[in-house]
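The values are calculated or read from the model by the stated rules, or taken from the named source; none is laboratory data. The model shown is predicted, which means the values in this text are computed figures rather than measured ones. Don't worry about glycine lacking a Cβ; one is built from the backbone with ideal geometry, like all the others, and counts go over all protein chains shown.
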Amino acid sequence: MIIEFVGADAEAAGKSVAELTTGWGYPPVPAPAAEPATDPDDKVVDPVAVTALVVSIPSAMLAVADIADRILKRRRAGDLIERAQQLRAQQATARLVREDRSVDLATLTPDQLLDLIADEDPET
């Protein structure tokens, strides 16, 4: 049996019970060391965490801007491909001409079209 004492006079209460139980033939078991009570209102700001947060904000904003730009371009590419597919139904072909090859727009996905445009030399 373990008896735990909590409170301001926990040590005195433990000694009192130990004196009572010494005659019973059982050695007293020392109580575990009480951890100091921490006040839940004592909050500390970790400077490393704050620094990491501040440093990560610009890259997060850039990532969001890149995603928004990609979404807009993807919609436009989808519209262009849809128009190329309509033209194909009317016996016309829309092709993306590059220095090394030409590609039928109606056969591409929006992501493929954006990748082809991104791979193209910006000076041309």
Residues that are closer than 18 Å to Arg70 by Cβ and of a type in the set (A, V, I, L, M), drawn from region 80-113 | Leu80, Ile81, Leu108, Leu113
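Given the structure, is Ala65 assigned to a helix (DSSP H, G or I) and either at pLDDT below 90 or in contact with a Phe, Trp or Tyr (Cβ under 7 Å, 6 or more places away or on another chain) (or both)?
Numbers: assigned to a helix (DSSP H, G or I): yes; either at pLDDT below 90 or in contact with a Phe, Trp or Tyr (Cβ under 7 Å, 6 or more places away or on another chain) (or both): no.
It is false that Ala65 is assigned to a helix (DSSP H, G or I) and either at pLDDT below 90 or in contact with a Phe, Trp or Tyr (Cβ under 7 Å, 6 or more places away or on another chain) (or both).
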Here are Ala89, Ala31: which of them is surrounded by 11 or more Cβ atoms within 10 Å (Cβ to Cβ) and at pLDDT below 90?
-> Ala31
When you scan region 40-74, how many residues do you find that are without any contact (Cβ under 8 Å) to a residue 12 or more places away in the chain and closer than 29 Å to Ala118 by Cα?
-> 17
